[in-house]
Amino acid sequence: MSQAQPAGRARLIPLRETLPRMLRDPLAALVHFGHESGGEVVRLNLGTMRPYLVTHPEHLQQILRDTTNYIRDGESMLWRSIRRVVGEAILVTEGEVWESSRDTLQPLFTKQRVEQMVDRMAVAIAEAIDALGEPARQGVAVDSMTLMSRIVCQATTRVLFGRKISVGDAVEIFGHLGTITRTMVFRLLVPSAPYWVPLPGDRAFRKAVAAIDTLVLPIIRTERANPGEGDDIIAALCRPRANGLQVSEEQVRSDLVAMFSTATETTVGVLSWLWPVLEKYPEVADRLYAEVDEVVGRGPVQRAHIPRMRYTRMVLDEMLRLWPAGWNIPRTAAEEQVLGCVRIEAGATILVSPYATQRMEQFWDRPDAFDPERFAPDRPRREHRYSYFPFGGGPHQCVGQHLFLLEAPIIIATLLSRYRFQLGGPANLKARLGASLRPRPNTLTLLPRHDHSSVS
Ligand code: HEM
């Protein structure tokens with residue numbers, strides 16, 4: 001990638017090449033165009049829009065670290081759709097509004113604070129998994145995503161939201177978010193369509209957003225009427241901001257829905273790959289079960305177990321490589337930019353996709369193989385920091401990364417210490433496209449490994 005040449009125009013991939021691939025499989029299409037370009041910046045003619053596709057780690061680093069020149073423009077692509085759900089929240093904004101939300105929320109997620117949450121989280125997770133005992137003993141099949149969402153919603157509402165959202169409401173909100181991510185796809189694929197042109201899914205989308213408001217607004221009103229000193233997200237959002245700014249109900253609602261959705265949707269999305277992965281790769285399943293038995297035994301899982309669960313972490317890292325929940329985090333060029341040898345005009349949309357880069361042969365050996373060994377702690381890592389960025393990077397790097405990397409092993413170890421499982425249909429490793437990635441629906445029957453599945 002020579003920087004010496006004068007910057008020119010990006011190669012444009014014509015519609016006759018982009019369209020059939022995008023219609024068939026948009027995710028595979030991004031990997032294909034990234035691969036074919038060898039990591040150079042290219043432009044995709046998608047008919048109604050012509051975004052740049054950026055896949056090279058050096059370019060990604062430049063973009064993600066520079067929030068002045070490469071912005072999350074609320075009017076573009078993904079952000080426009082997400083803004084219709086979360087409003088002006090931490091997840092979509094830039095500048096002062098973003099800074100104020102980030103300053104309020106980030107202190108809740110420092111390494112130390114997250115470590116303190118872990119034991120409470122382990123108890124909430126064990127209780128949620130206890131509740132699966134009876135249906136499991138009766139051999140009842142459950143939807144695998146619903147199962148994971150119950151566990152994650154219980155842990156999240158208990159620890160992050162100070163029990164101010166009930167588990168029942170959390171599961172309901174999660175369901176509405178699922179509708180939203182699915183129905184948003186049409187708007188993502190035709191981002192230039194004005195909102196007065198109805199697209200499939202619009203009505204279900206609007207109903208789901210309204211249903212979420214019905215559940216969260218009363219909680220916010222109660223908290224604002226009696227603001228407390230609590231260390232949960234709702235208390236933090238309802239207090240006056242550090243800069244003295246009084247926040248509106250709408251702003252609190254925006255950040256609350258954004259935090260709920262990022263904390264649950266992504267976690268459930270990634271963890272739901274566990275079952276098809278274990279089914280498809282029995283040797284991985286054997287090693288995982290062996291590690292859980294050795295480190296945790298029959299449980300309960302505790303904070304001290306987590307550093308010893310090295311293989312579990314390798315499996316998680318590999319799941320995040322192949323199915324990063326946040327597969328698409330586009331940016332807009334605020335001014336004219338030069339990236340590599342390519343000139344990018346002000347206002348252009350730039351596709352940034354962890355999914356594409358993390359599956360490109362230029363940056364990964366056998367990229368399509370599921371191989372946790374590539375993340376073995378004693379194996380030297382030679383990849384560029386931005387060839388693997390499931391949690392993004394730069395100032396917008398995910399605030400929940402540490403939390404996820406502690407919560408996920410607890411969930412896996414608690415489940416596997418108690419159950420084996422049987423999938424209702426064949427394991428499918430092809431992702432279902434939405435605002436975040438999820439596996440295809442499947443059912444699951446848990447098979448207790450011991451006489452009494454509850455041991456906590
Ligand atoms: C597997 C789990 C997760 C994945 C893959 C993930 C991925 C990401 C990615 C890629 C970004 C960057 C967005 C961008 O650059 O525009 C991000 C940002 C964010 N994530 Fe996560 N996330 C996960 C879990 C969580 C959890 C558990 C929380 C909260 C408890 C969380 C809260 C956030 C927030 C608030 C932001 C916005 C940060 C900002 O713009 O300042 N995420 N996440």
Practice item. Report, by residue number, each residue of segment 23-41 that is in contact (Cβ under 8 Å) with a residue 12 or more places away in the chain and under 25 Å from residue 434 (Cβ atoms). Key: 26, 27, 30, 31, 33, 34, 35
Revision key, fill the gap. Output for Cβ contacts, cut-off 7 Å, separation at least six or different chains, first residue touching a residue at least 40 places away in the same chain (Cβ under 8 Å) in segment 344-357, second outside any strand (DSSP E or B) and of a type in the set (Phe, Trp, Tyr), reads 353/327; 355/327; 357/363
Exercise for review: Output yes when any residue across segment 243-265 is touching a residue at least 24 places away in the same chain (Cβ under 8 Å), more than 17 Å from residue 91 (Cβ to Cβ) and assigned to a loop (DSSP other than H, G, I, E, B), and no when none is.
Suggested key: yes
**Study point:** Matching option when the condition is of a type in the set (S, T, N, Q) and open to solvent by less than 10 Å² (accessible area, probe 1.4 Å), among 254, 248, 261, 192
**Key:** 254
Check your understanding: Restricting attention to segment 294-313, does a residue exist that is under 20 Å from residue 26 (Cα atoms), under 20 Å from the mean Cα position of the chain (by Cα) and surrounded by fewer than 23 Cβ atoms within 10 Å (Cβ to Cβ)?
Key -> no
Check your understanding: Just checking, which of 361, 345 is in contact with a helix residue (DSSP H, G or I) (Cβ under 7 Å, 6 or more places away or on another chain), at pLDDT 95 or above and not aliphatic (A, V, I, L, M)?
Key -> 361
Check your understanding: Within segment 321-395, which strands (runs of 3 or more DSSP E) (wholly inside it) include 1 or more residues that are surrounded by 15 or more Cβ atoms within 10 Å (Cβ to Cβ), of a type in the set (A, V, I, L, M, F, W, C) and within 16 Å of the ligand (Cβ to nearest atom)?
Key -> 331-333, 349-352
Point to revise | residue 402 in a helix (DSSP H, G or I) and either modelled with pLDDT under 95 or open to solvent by 30 Å² or more (accessible area, probe 1.4 Å) (or both) | key: yes
Check your understanding: For residue 385, are the conditions met, namely being of a type in the set (Lys, Arg) and within 30 Å of residue 31 (Cα to Cα)?
Key -> yes
Review point. Is it the case that segment 113-122 has a residue that's open to solvent by less than 50 Å² (accessible area, probe 1.4 Å), among the small types (Gly, Ala, Ser) and either touching a strand residue (DSSP E or B) at 6+ places or on another chain (Cβ under 6 Å) or within 14 Å of the ligand (Cβ to nearest atom) (or both)?
Key: no
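Can we say residue 60 is assigned to a helix (DSSP H, G or I), open to solvent by less than 50 Å² (accessible area, probe 1.4 Å) and more than 10 Å from the ligand (Cβ to nearest atom)?
Numbers: assigned to a helix (DSSP H, G or I): yes; open to solvent by less than 50 Å² (accessible area, probe 1.4 Å): yes; more than 10 Å from the ligand (Cβ to nearest atom): yes.
When the stated conditions are applied, residue 60 passes them.
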Study note, to complete from the structure: Here the residues within segment 84-96 that are in contact (Cβ under 8 Å) with a residue 12 or more places away in the chain and either small (Gly, Ala, Ser) or within 13 Å of the ligand (Cβ to nearest atom) (or both) are 86, 87, 88, 89, 90, 91, 92, 93, 94
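The values are calculated or read from the model by the stated rules, or taken from the named source; none is laboratory data. Being a predicted model, the structure only gives us computed values, none of them experimental. So basically every Cβ, Gly included, is an ideal-geometry build from the backbone, and we count neighbours across all protein chains shown. For the accessible areas, the whole protein counts, side chains as well, though only heavy atoms, and no ligand, DNA or RNA atoms are used. Shrake-Rupley method; radii C 1.70, N 1.55, O 1.52, S 1.80 Å.
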